[in-house]
Each structure stands twice: as C-alpha cells, then as structure tokens.
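A short write-up of the structure that comes next.
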C-alpha cells in the first residue's frame, strides 16, 4: 500500500435493532461517532475531516442527509464528504477516509456508515414497478437467489450448507451485544423449517432489516501511536485497501464469482504481502447477506479452490473454533443496516486485531480481512488490517 | 480494553448527551410521545428514456424485441442502453431478436412483491433470448414449479394486441417451449 501509514484507533457502534425509535437519524450517527471518539481517547476537536456513507437515499427515503450532518455531529466547519457505492458503501467509505491520511492531507479522520431502515421500506424500494425498466418483482433475495442456485449446481454442494452458515452466524451473534438478532433458541431444524422465501433461500438464511451506525477513527502514524498510548488499546494498522467494480449487465460476466471480486481480493492480498490467504489471514469479516454467500465468497476471495468452498463451511473451518473463523460478530445475517454493514465488517476486523471483540474475540489475531460487496454483486471493497506496522 | 466493555454490556452514553427537554405545554406528557408514523408518498414525473431505450420500448409496442450490437465484440445487448459495457463505445446497429430463448437462471419466489407480481409461489426467471448476450428478467408460468430447470426453452406471452404499449409490461410472462434443453455450461457468462 502506498502513502503514509494509517491505523484504526477507535471503533464505535450503536446497538442495532429493527426500529431504533429512541433516536433520530443524525442521533444514530452521533451515538456511533462519540463512542468511537471515546474509544480513541479523542474529541471531535481533534478530528480533521469526516467521511460518511450509506446506501442509496431511496432505501430510507431521506434525501441527502449529509447536508445537515456536520451540525448534527457537532463538527461545523470540518470537511464532510459522502461516498456512494450501494451495499459496499461502508467498506468504500472507510477506504476513502484512509486515503485522506495516506495522502498526507489529514492526520485524524472520522468515518461513519449507517442506515435507518425503519424510515422506509428498502424491500419495496428495490421492487417498485416502472414500465420503462425491467421489473424484478421479487426483492433483493429474488435477485441473488438464481446465482446461489447456479453455485449449487456448479459445485454440487449439499443442500444444507446454507443452513450451517446461518446457524453459525446467528449463534456467533449471541456473543456480540451490539448484534440486532439474538436468537438463543435457534437450531439446525429451526433454520431448516423456517419459511422458504426465495428458493433456495429460507427466512432464517436471510439478513434482517436494521437501524444502526458504526464509526471508526483513523489516524496517521504518530497520531495513532499517541492515541494508543492514551487509550491503552493497540492500533489496527491498515496493510492494504482495494475497491473494484464491474457493470451489472455485461456479456461474459459471472455473477457467481465476479471478476471484480477476484481482482479486488488479489489486489488487497498483494498489497498486504499475502500469498496464502487461508494460512496468513487469522479471521475474516465477510459480507454474507444470504447464507450461501459464505462458500461463494470463500472461493472468490481465494480461501478455497473453485467448487469446494462449501467444504470449509461443512467441516467447521469457518466457525470460531476453526482455522479460518468467518463472521465471529454474527455478520450481516444477524445485523444489516445496509450502509453500515460494510463498515461493520471493516470495524470488526480492526476490533479482532486490537483485541477488543470481547466474547467473540479470536485469540492472537495478527491479520484480519474486512470485506464488502454491493449493487448487483458488482461493487467490492476490502481491507486487511494487522497488529504489526506495515 | 476499555473498562466500559468489561462486562460486555453496550457501552453507556456520555453523560447529558441524550437528555430530553421537558415539555413546555402543560398537560402534554412526554411519556406518550409519537415516535413513528407511516406516511404514503407518491411522485409524478416525466421520463425520457434516451435514444436506444426509446427504440427498444417502441419495438415492444409493435411486438418486436430490438437489441443493439457491441461494435467490437458483436455481443447483442437487450434491453439496450446505447453503449457497450465492455468496450464503452456506442451501439449503433439494431438487431431484432426472436421472442424465444433459454432459461439461464431462476428462483422460486414465495413472498409477494409489488403490484405486478403473480400469486406465490412463482418462478422469477432470467431468459437469454436467442442471439442475445445478456438475459432479461421475467416470470415463468404454465409449468409445474418442480419441472423448471436451467437450460429449458421458453417463449414470451404478450398482452393482447390492443393492449400493446412501449413498456416492459407488453410481455406478460414466459412459457415453456417444447424443444430440447440447452446445456447449462453454455449459459455461463450470459445470466
């Protein structure tokens, strides 16, 4: 990775819920932002600039909220910048924030991702009928389910791999006090018997609709070391960042393992000096909104060969006790404020490196991958963070 | 690790951050405050589709499906957007495609969405028209769901002629064609 060194020195999350009726939209951001500042032992006065991101405005029906966020955050006069890359936006936003420091322009940048899905109906927003456009009368799951079916056909995976992913992530969420869904009674059978929504995706294999925000404080080398000395929590150094995109409709495109996904992973691992991701990455926070995307992304990111990612899930390798724990936080399957979901992956990766993850902490994490995707599986953002200075 | 996280509860707010002002109108208790309302919204607007989509939508009104060709690779895009997403050049040559093709991918939808969705369960289908490079979205009917398979041949069912409009809604749905299946491997890259 080129440019000045950057580290995550503060992480703040809201409690995630279907409806956060107790706070306004800017209040939601404020809750995450001030927790991140407290974690970094900094105040808003120390922050040079703010970078925010959320999903397209029609998802929550609130247009261009960035216009008043500087005031709402108590940051009047500071540069405030918004990033737009659909569901991957949480990841891209953190990367843009990091670039403000890599470039030498700023020393300390606050970045926030959020979604207040209770403001509107994102499912409706994705399915409204316009006569001049193709109509997908099936919501987001209806878009992705055919590609999951195609993955199952190609790989010959057993039908229940998705059930295993959902069960793992929802059980992991019980160890994360911020997670939206806490389902202590969930079992293999309860997932299997849950209502089929978009065959082969069941209700319990689908992400919830959440309100919530996450904020990260990023700092350059000397600022990061000063913050860590004060807070007593080590920085998570950024070892690599990458973004890639591709058109939604293009001849030769493979929605099961998009070229942009494979290129993005290759780039971020190359920057981090990683040649064998399965061995060199200790923990992964991966964007899995529908259960089957775990094995699909394991292959696309290079953790498994094509067609056998499901064997890692089936063998338990991706459980917290396995050799490549995936989504110890409970993942998107347990918490999905869309515009925050990517940054939660990035932030949880940093928390693992900093030893901050509490009951869902994996011991001795040296390097972690945060991953996000969005749009029609066409936008990708990833970062590798580590305990050692790059 | 910060002390506030030691007991693994959600960290507390800074003191005073969320204190609410007291109601200034006597008798208006804060404890029954309205927190959430549901408001219907609508918008009316004029839409200009652009040159290539205009040609395509006018075609639908005449029961014709007009794709446009990538000038370098020869791939035919439908619906056309006026440019090739691969090479970035304008598509200039129009190609009329048949209203039949191959089911390239599908899922079975068990929940209702939108005003145009058929009764559940139904098959949401991607249809690769013969001669096209990318698939169209549609609904597949007139077949038991358990018999639907990738590679099966399908044909458009149009609305009655007096109902035809420059709209995707001119194609009501897709139905099976009695022809041999296409190998699924041939559809890769064209879903």
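What is the Cα centroid distance between segment A:160-177 and segment A:216-241, reported in whole angstrom?
Between the Cα centre of segment A:160-177 and that of segment A:216-241, the gap is 31 Å.
With springs only between Cα atoms under 10 Å, which of A:253, A:366, A:170 fluctuates most in a Gaussian network model of chain A?
In the Gaussian network model the winner is A:253.
With r defined as the distance between the Cβ atoms of residue A:363 and residue B:130 and R0 fixed at 51 Å, what FRET efficiency is calculated, to the nearest 0.05? Walk me through the numbers on the way to the answer.
On the way: r = 57 Å, r/R0 = 1.12.
According to the calculation, E is roughly 0.35.
Got a sec? Which residues in segment B:152-191 would a label at residue B:61 touch, if it sits 7 Å along Cα→Cβ and we count backbone N under 13 Å?
In segment B:152-191, the label zone of residue B:61 (backbone N under 13 Å from the point 7 Å along Cα→Cβ) covers B:163-168, B:170.
Angle check, please: helix A:139-155 long axis (alpha carbons) against the longest principal axis of chain A (alpha carbons), in degrees 0 to 90, nearest 10.
In chain A, helix A:139-155 runs at an angle near 60 degrees to the longest axis.
Ranked by Cβ crowding within 10 angstrom, fewest neighbours first, how are A:348, A:221 ordered?
On the way: A:348 28, A:221 16.
The order, fewest Cβ neighbours first, is A:221, A:348.
Quickly work out the residue A:71-to-residue A:221 label distance, labels modelled 7 Å from Cα along the C-beta direction, and quote it in nm with one decimal.
Result: 4.1 nm between the two label points.
Can you tell me the length gained on complete extension of the stretch residue B:51 to residue B:96, counting 0.36 nm per residue apart and subtracting the Cα distance?
Details: separation 45, 0.36 × 45 = 16.20 nm, distance 1.61 nm.
This chain segment gains 14.6 nm when fully extended.
Angle between the Cα long axis of helix A:161-173 and the longest principal axis of chain A, 0 to 90 degrees, nearest 10?
The answer is roughly 30 degrees.
Treat each spin label as a single point 7 Å out from the Cα along the C-beta direction, and report the residue B:89 to residue A:19 distance in nm.
Taking the two extended label points, one gets 5.6 nm.
Gaussian network model of chain A, Cα springs within a sub-10 Å range: biggest mean-square fluctuation belongs to which of A:320, A:249, A:343?
A:249
What whole-number distance in Å separates the alpha-carbon centres of segment B:72-96 and segment A:13-69?
One Cα centre to the other: 42 Å.
Expressed in nm to one decimal, what extension gain is obtained for the pair residue A:306 and residue A:263 from 0.36 nm per residue of sequence separation less their Cα-Cα distance? List each step's numbers first, then the result.
Values: separation 43, 0.36 × 43 = 15.48 nm, distance 1.50 nm.
Extra length available between residue A:306 and residue A:263 comes to 14.0 nm.
Taking neighbour Cβ counts within 10 Å as the exposure measure, how do A:239, A:371, A:106, A:84 sort from fewest upward?
Numbers: A:239 24, A:371 29, A:106 21, A:84 14.
Arranged by neighbour count, lowest to highest, A:239, A:371, A:106, A:84 become A:84, A:106, A:239, A:371.
Mind checking which of A:186, A:163, A:344 has the largest fluctuation in a GNM of chain A, springs on alpha carbons under 10 Å?
A:186
Only the coordinates and a few stated rules stand behind these numbers; no lab work does. Every value quoted in this text rests on a predicted model; they were computed, and no experiment measured them. Note: ideal-geometry Cβ built from the backbone for every residue, glycine included; neighbour counts use all protein chains shown.
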